[in-house]
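First up is the structure itself, then whatever we jot down about it.
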Amino acid sequence: MNKLSTSTPRALECTFVFCAIWAFGSSLGIGDDGTDYKLKFSDWWKSHQSAKGVAFPPRDTIFDYWLDPVSNVFEEWNKSPVFKSVTFDSKTMSMSELTVPTGESSSVAFWMNSLVANGYPVMLCGGAGQGKTQLIAGMLKDLDADQYDTLTVSMNFYTSGEALRTMLEGPMVKLSGSTFGPAGGKKMVFFVDDLNLPMVDKYNTQSGISLIRQHMDYSHWYDIGKLNLKTVIKCQYVSAMNPTAGSFLINPRLQRWFTAFGISAPNEASILTIFSTFLNGHFETYGFEKKITDLTEDIIKGTLAIHNAVAGTFRKVSERSVRAFWKTSILAMKCAKWLQTQWLHPLLS
Ligand SMILES: Nc1ncnc2c1ncn2[C@@H]1O[C@H](COP(=O)(O)OP(=O)(O)OP(=O)(O)O)[C@@H](O)[C@H]1O
Ligand SMILES: [Mg+2]
């Protein structure tokens, strides 16, 4: 938000509506029975907006629009400054290095960037393979390296409080007495991935989660070996978890710290944007002929159609395995001949 957002009563009202829908609705997602709670909330909001008040375009949900602070008009997210087109060079880049912005991911990135810049903890929650890790990795990569250090910790069943403390302390330096913090006057952003995976002990506690909770509550933790207290400052947390795996929920005393965003499976337009960026980049890098490069959209749509047909017919497979397959397949394509024999033939026959 900037000064423009509150400069007139109209601007203030639009800004209030924009913030309110995300404050109340950011954590909504798809229920176990398939109910889309974001859509329900959007329909409810639209049915209560008065004709004279701030109205959203009738198409799509209220979450699909960004408030342009200059014109005070709700625009699609791909018109917002967080949305940028990116290119992929398959000779010099690895696919996991590149986070492709989509309309959907831009909305979360917009709020996440602003929350992190202001020191607020953020959590992304959603099913496997929905791009949580990739989205946060993209945000961390864009942070100003002169101001921020980052550390990514992936939790697993065996991550205890003590193991986690050792990892978090790794990049810390002594600032004074018993006070520790990141070196060079920077701030530290800890990205704790798969936060809810550690084992729940017989006291119904996940010690790693208790350590983070203690740190966020009091800016300190204890060195269990030396039995002394360490104040650890200038640190903030960003996390991701899949609430259908691990402990499902985490201790509410930690959860309350986070602004949570429900992440759902990317829609077809987003998947098309992500894969065309990789596929076009790869075709360009290796100088594929035009008759092949023209097929990008058809190849992706055809593959998605096959995936949807298989997913609808057979037992559920995770989106992640499909994307992993895609990533290895794209990198394996070194020439048009490969594409013709390995890819197009089964697809077209
Ligand atoms: N916007 C994107 N740009 C590029 N790649 C993406 C994007 N979104 C997802 N992917 C790719 O999709 C795959 C799954 O994404 P990711 O690992 O981030 O999912 P996740 O939600 O963290 O899953 P899990 O809960 O299993 O950890 C990864 O290979 C990732 O690189
Ligand atoms: Mg992940």
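Considering only the stretch 93-200, give the helices (runs of 4 or more DSSP H) lying wholly within it that have at least 1 residues that are closer than 30 Å to Ala23 by Cα, among the β-branched types (Val, Ile, Thr) and under 12 Å from the mean Cα position of the chain (by Cα). Even if it seems obvious, please write down each step before you answer.
Values: elements: 103-117, 132-142, 161-169.
Once the helices (runs of 4 or more DSSP H) in the stretch 93-200 are filtered for at least 1 residues that are closer than 30 Å to Ala23 by Cα, among the β-branched types (Val, Ile, Thr) and under 12 Å from the mean Cα position of the chain (by Cα), what remains is 103-117, 132-142.
Determine whether Val189 is β-branched (Val, Ile, Thr), within 16 Å of ligand 2 (Cβ to nearest atom), surrounded by 20 or more Cβ atoms within 10 Å (Cβ to Cβ) and closer than 30 Å to Ile274 by Cα.
Details: β-branched (Val, Ile, Thr): yes; within 16 Å of ligand 2 (Cβ to nearest atom): no; surrounded by 20 or more Cβ atoms within 10 Å (Cβ to Cβ): yes; closer than 30 Å to Ile274 by Cα: yes.
No, not satisfied.
Please verify whether Ser94 is at pLDDT 85 or above, exposed (fewer than 12 other Cβ atoms within 10 Å of the Cβ), out of contact with any His (no Cβ under 8 Å at 6 or more places or on another chain) and of a type in the set (S, T, N, Q), treating the condition exactly as stated.
Values: at pLDDT 85 or above: yes; exposed (fewer than 12 other Cβ atoms within 10 Å of the Cβ): yes; out of contact with any His (no Cβ under 8 Å at 6 or more places or on another chain): yes; of a type in the set (S, T, N, Q): yes.
So Ser94 fits the description; yes.
So which residues in the stretch 233-257 are within 16 Å of ligand 1 (Cβ to nearest atom) and either closer than 25 Å to Asp149 by Cα or among the acidic types (Asp, Glu) (or both)?
Residues of the stretch 233-257 within 16 Å of ligand 1 (Cβ to nearest atom): 238-250.
Passing the criteria: Val238, Ser239, Ala240, Met241.
Can you report the number of residues in the stretch 136-195 which are modelled with pLDDT of 95 or more, of a type in the set (Ser, Thr, Tyr) and touching a Gly at 6+ places or on another chain (Cβ under 8 Å)?
Qualifying residue count, the stretch 136-195: 0.
Which numbered condition in (1) outside the structural domain of Val189 (by TED's automatic domain parsing); (2) among the hydroxyl-bearing types (Ser, Thr, Tyr); (3) closer than 19 Å to Leu272 by Cα; (4) away from ligand 1 (no atom under 12 Å from the Cβ) is the only one that Thr61 fails?
Among (1) outside the structural domain of Val189 (by TED's automatic domain parsing); (2) among the hydroxyl-bearing types (Ser, Thr, Tyr); (3) closer than 19 Å to Leu272 by Cα; (4) away from ligand 1 (no atom under 12 Å from the Cβ), the lone unmet condition for Thr61 is (3).
Looking at the stretch 258-275, which of its residues are within 18 Å of Ala128 (Cβ to Cβ) and among the hydroxyl-bearing types (Ser, Thr, Tyr)? Outline the logic, then answer.
Step one: list which residues in the stretch 258-275 are within 18 Å of Ala128 (Cβ to Cβ), which gives 260-267, 270-271, 274.
Within the stretch 258-275, Ser264, Ser270 qualify.
In the stretch 230-245, how many are within 12 Å of ligand 2 (Cβ to nearest atom) and either among the aliphatic types (A, V, I, L, M) or touching a Pro at 6+ places or on another chain (Cβ under 8 Å) (or both)? Write out each step before concluding.
Looking only at the stretch 230-245, we keep the residues that are within 12 Å of ligand 2 (Cβ to nearest atom), and these are 239-242, 245.
Those left that are additionally either among the aliphatic types (A, V, I, L, M) or touching a Pro at 6+ places or on another chain (Cβ under 8 Å) (or both): 239-241, 245.
Residues meeting the conditions: 4.
The values are calculated or read from the model by the stated rules, or taken from the named source; none is laboratory data. This is a predicted model, so every value here is computed, not measured. Positions of Cβ are generated from backbone atoms using ideal geometry, with glycine treated the same way; all protein chains shown enter the neighbour counts.
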